[in-house]
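Presented below is the structure to which this report refers.
The values are calculated or read from the model by the stated rules, or taken from the named source; none is laboratory data. Small disclaimer: the values here were computed from a predicted structure and weren't measured. Heads up, the Cβs are rebuilt from the backbone with ideal geometry, glycines too, and the neighbour counts pull from every protein chain shown.
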Amino acid sequence: MFKLAEKIFAVAMLFYLTGALFPFLGGDQVGYVRLEGNLFDFAVQFAFYAVAFVFIVNHWRVVVEGVKSVKWIVVLLLIAIASTAWSQDPFFTLRRSIVLLATTAFGVYFGSRFTVPQQLRLLAWTCALVVLASFAVAIVLPRYGVDHHLHPGDWQGAFVQKNGLARIMVLAVMVFYFARPSVGRTARWIGMASAFTLLVLSRSLTGAIVFALICATVPLYHLLRTKITFSVPLMIAIAVAAAGSALVIASSRNDVLQLVNRSPTLTGRTDLWSAVLTSIQKRPWFGYGFNAFWQGMQGESATVFEALGWAPAHAHNGFLDLALDLGLVGVAAFVIGYIGFLRRAVDAIGKVRGSVPLWLCTYLAFMLFYNLSESSILVQNNICWTLYTATAVSLCTCVPAIKTPTEVAARHGS
């Protein structure tokens with residue numbers, strides 16, 4: 001009974017971390033904008049993490065082992081907490097750091113407590129609930145589920161903005177593809193089709209590009225299991241083709257963007273990135289403190305707002321936001337950790353049969369691609385950061401702990 005309750009809570013917690021529905025209930029329809037004093041948000045957040053704490057304590061030994069295995073994530077957390085000392089808003093940084101610590105702790109618990117196939121099954125249930133909620137809100141309450149202002153006609157579903165819906169739908173397609181639910185293959189394909197339909201209805205260019213990149217990379221992982229004499233030349237050929245395509249697109253960027261009805265500035269992103277880089281140069285090493293840069297017309301963010309003529313809520317790039325928060329030191333800590341986790345995942349593909357290492361590699365790719373135009377690195381109450389932490393723990397504890405491919409496949413249900 002306790003194990004069932006634990007799984008039900010895990011699904012509920014993951015649903016909360018997707019950002020679906022709860023912002024509507026709490027009156028938060030701004031996304032990344034810093035909101036203070038919302039008692040409903042605080043009560044919901046406190047309740048979820050209080051219950052999570054109970055489960056974490058109940059499995060404290062495996063959680064401690066998980067923490068020990070992801071040292072670079074721990075380093076990032078310590079830098080974030082330490083940034084209180086130089087933050088533009090020390091008290092705000094400290095409060096947000098505590099919530100980030102709780103979010104990361106749940107990610108460590110999720111990656112330590114459940115095997116990768118179990119994680120995928122729980123995520124599949126979560127994604128199914130989000131898909132159903134998004135269809136329901138868009139159809140029954142189109143005032144909330146469909147954008148009528150900034151992007152008329154674009155679906156938002158159970159989210160406050162279409163890119164939020166698109167990001168979770170790309171994740172949902174991935175989860176349904178790799179999950180092995182007990183209800184059978186038909187449910188998987190229905191889930192994938194439903195999530196893809198919502199992705200299309202959102203009309204998010206970022207979501208479409210990331211989805212295409214994910215689809216392009218998954219077959220490459222299978223090449224790593226082929227003979228080296230075949231895979232290396234093919235990988236080189238693909239890299240050359242990709243570089244050539246990138247040059248062609250770059251040389252005719254305006255024409256390409258016009259085809260998809262987007263401006264050459266990527267909806268103002270290039271101007272935003274230029275202004276943000278100027279601010280980063282003023283505090284390049286340690287940044288402005290965790291979550292302390294975007295303060296409206298106060299502090300350095302006012303300079304960015306004045307240069308742009310509009311008020312962004314974040315940098316629309318995870319690496320730039322990390323540099324604003326924790327400087328190049330923080331970016332270096334994340335990149336070193338990410339490369340280490342990716343190396344483990346790629347190495348596991350060549351040694352371990354089954355879909356487990358493919359999922360781990362795919363999620364790391366998803367995390368990289370999405371942070372080129374959105375921000376989900378070191379973000380509290382965020383499923384992307386939670387799953388990145390869980391992926392890192394799974395790579396460092398589950399896969400290396402089993403010595404032979406047969407044992408790995410047996411443990412992970414492949």
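Only one of (1) of a type in the set (A, V, I, L, M); (2) under 19 Å from the mean Cα position of the chain (by Cα); (3) surrounded by fewer than 18 Cβ atoms within 10 Å (Cβ to Cβ) fails for L78. Which number is that?
Of the numbered conditions (1) of a type in the set (A, V, I, L, M); (2) under 19 Å from the mean Cα position of the chain (by Cα); (3) surrounded by fewer than 18 Cβ atoms within 10 Å (Cβ to Cβ), the odd one out for L78 is (2).
Please go through the stretch 89-109 and pick out each residue that is more than 15 Å from Q295 (Cβ to Cβ) and of a type in the set (S, T, Y).
Answer for the stretch 89-109, where residues must be more than 15 Å from Q295 (Cβ to Cβ) and of a type in the set (S, T, Y): S97, T103, T104, Y109.
What residue, of S87, S83, is buried (at least 23 other Cβ atoms within 10 Å of the Cβ) and not in a helix (DSSP H, G or I)?
Numbers: S83 fails: not in a helix (DSSP H, G or I).
On inspection, the qualifying residue turns out to be S87.
Quick one: L165 ticks every box in (1) surrounded by fewer than 23 Cβ atoms within 10 Å (Cβ to Cβ); (2) of a type outside the set (F, W, Y); (3) without any contact (Cβ under 8 Å) to a residue 60 or more places away in the chain except a single one, so which number is it?
(1)
Kindly indicate the residue of the stretch 64-75 that is among the aliphatic types (A, V, I, L, M), assigned to a helix (DSSP H, G or I) and under 20 Å from the mean Cα position of the chain (by Cα) and also farthest from Y109 (Cα to Cα) among those meeting that condition. Quick ask: steps written out before the conclusion?
Step one: list which residues in the stretch 64-75 are among the aliphatic types (A, V, I, L, M), which gives 64, 67, 70, 73-75.
So of that shortlist, the ones also assigned to a helix (DSSP H, G or I) come out as 64, 67, 73-75.
Next cut, under 20 Å from the mean Cα position of the chain (by Cα) only: 67, 73-75.
On the way: V67: 9, I73: 14, V74: 14, V75: 18 Å.
Ranking the candidates gives V75 first.
Looking at the stretch 179-187, is at least one residue surrounded by 16 or more Cβ atoms within 10 Å (Cβ to Cβ), farther than 21 Å from S376 by Cβ and over 19 Å from the mean Cα position of the chain (by Cα)?
Yes; the residues of the stretch 179-187 include at least one that is surrounded by 16 or more Cβ atoms within 10 Å (Cβ to Cβ), farther than 21 Å from S376 by Cβ and over 19 Å from the mean Cα position of the chain (by Cα).
Take the stretch 287-302 and flag every residue that is surrounded by 19 or more Cβ atoms within 10 Å (Cβ to Cβ), in a loop (DSSP other than H, G, I, E, B) and on the phi < 0 side of the Ramachandran plot.
At the first step, the residues of the stretch 287-302 found to be surrounded by 19 or more Cβ atoms within 10 Å (Cβ to Cβ) are 287-294, 300-301.
The next check asks that each one be in a loop (DSSP other than H, G, I, E, B); those that pass are 287-294, 300.
Answer for the stretch 287-302, where residues must be surrounded by 19 or more Cβ atoms within 10 Å (Cβ to Cβ), in a loop (DSSP other than H, G, I, E, B) and on the phi < 0 side of the Ramachandran plot: Y288, F290, A292, F293, W294, E300.
Only one of (1) under 30 Å from A138 (Cβ atoms); (2) in contact with an Asp or Glu (Cβ under 8 Å, 6 or more places away or on another chain); (3) at pLDDT 90 or above; (4) polar (S, T, N, Q) fails for T265. Which number is that?
(3)
Which of the residues spanning the stretch 49-62 are under 25 Å from the mean Cα position of the chain (by Cα), over 18 Å from L4 (Cβ atoms) and not β-branched (V, I, T)?
Selection gives Y49, A50, F53.
If we keep just the residues of the stretch 305-352 that are over 24 Å from W294 (Cβ atoms), out of contact with any helix residue (DSSP H, G or I) (no Cβ under 7 Å at 6 or more places or on another chain) and not acidic (D, E), which is surrounded by the most Cβ atoms within 10 Å (Cβ to Cβ)? Explain how you work it out, then say what you get.
Of the residues in the stretch 305-352, the ones over 24 Å from W294 (Cβ atoms) are 336-337, 339-352.
Going one step further and asking which of them are out of contact with any helix residue (DSSP H, G or I) (no Cβ under 7 Å at 6 or more places or on another chain), we end up with 339, 343, 347, 350.
Next cut, not acidic (D, E) only: 339, 343, 350.
Values: I339: 11, R343: 11, G350: 14.
Applying the filter and picking the extreme gives G350.
Which of the following residues is in a helix (DSSP H, G or I), within 15 Å of the chain's Cα centre (by Cα) and modelled with pLDDT of 95 or more: L328, L387? Can you show your working first?
Values: L328 fails: within 15 Å of the chain's Cα centre (by Cα).
Of L328, L387, the one residue that is in a helix (DSSP H, G or I), within 15 Å of the chain's Cα centre (by Cα) and modelled with pLDDT of 95 or more is L387.
Any residue in the stretch 115-135 that is surrounded by 15 or more Cβ atoms within 10 Å (Cβ to Cβ), out of contact with any His (no Cβ under 8 Å at 6 or more places or on another chain) and not in a helix (DSSP H, G or I)?
As a first pass, look at the stretch 115-135 and keep what is surrounded by 15 or more Cβ atoms within 10 Å (Cβ to Cβ): 115-131, 133-135.
Now restrict to residues that are out of contact with any His (no Cβ under 8 Å at 6 or more places or on another chain): 118-131, 133-135.
Next, from what is left, pick out any that are not in a helix (DSSP H, G or I): none.
Taking every residue of the stretch 115-135 in turn, none turns out to be surrounded by 15 or more Cβ atoms within 10 Å (Cβ to Cβ), out of contact with any His (no Cβ under 8 Å at 6 or more places or on another chain) and not in a helix (DSSP H, G or I).
Please go through the stretch 364-391 and pick out each residue that is more than 19 Å from M13 (Cα to Cα) and in contact (Cβ under 8 Å) with a residue 60 or more places away in the chain.
A365, F366, F369, Y370, S373, E374, S375, listed by residue number.
Suppose we filter the stretch 72-94 for residues that are under 20 Å from S301 (Cα atoms) and not acidic (D, E); how many remain? It would help to see each step written out before you state the result.
Applying the first criterion (under 20 Å from S301 (Cα atoms)) to the stretch 72-94 yields 80, 83-94.
Still in the list and also not acidic (D, E): 80, 83-88, 90-94.
Number of matching residues: 12.
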